[in-house]
Amino acid sequence: MKWQPIETAPKDGTVVLAFTASEGRRAMWPAYYKEDSGDWTQVSGPFIQPTHWMPMPEPPPVLPEVADEAWLPIDTAPKDGSLCRVKRVLDDGDILCEGLAYWGQRDPFFANVRESMFMDILITGKPIPDGWCVEGGKYYFPEPTHWVPAEVTHARNQDAPL
């Protein structure tokens, strides 16, 4: 990939890697062109007028690939606190999210639950229901549909960053 003049960048909402050098500063960031305003917008952070662009590189692998046939239905997953790799597959086959989680009690202070559920908990005094948790119960994994054992996840991937 080579840097190209910003005038040649796609203007259809495609996120690109943008570059600018001004006042002795050099910066690169993900950005996209907003047709309605005619401006380049950073995915996050303040706006800077880019001078060059290139396609976004592929992200490095974080978790080893798992063959489609290895994934099991979520209702067969252990609910004993064991760490698993879970994913949520939408009806159209797209993967909404994937990561490490365990079945357990969600932390009531940090639980990422719908406001209506939280209000019910306050009124009734019932505990937050168990669910698929990450980071010590501070967050929950949204309704996974499939799982594989943690051993599959922790197989050494030579391409994954340490």
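Judged by the mean number of other Cβ atoms found within 10 Å, the most tightly packed of the peptides 69-80, 92-103 leads the ranking 92-103, 69-80.
A simple count of charges around Tyr33, restricted to other residues whose Cβ falls under 14 Å of its Cβ and scoring Lys, Arg +1 and Asp, Glu -1, yields -3.
Between amide H atoms placed 1.01 Å from N, distances below 5 Å from His52 occur with Ile6, Phe19, all of them 5 or more places distant or on a separate chain. The relative contact order of region 4-55 comes to 42 percent, based on Cα pairs under 8 Å that sit 6 or more residues apart.
Computed over region 4-55, the alpha-carbon pair-distance distribution with 5 angstrom bins reads 5, 24, 36, 25, 9, 2, 0, each value a whole percent.
Each value in this text was obtained by applying a stated rule to the coordinates, not by laboratory testing. Predicted model, so just to flag it, every value in this text is computed and none were measured. All Cβ positions, even for glycine, are placed from backbone atoms using ideal geometry, and neighbour counts span all protein chains on display.
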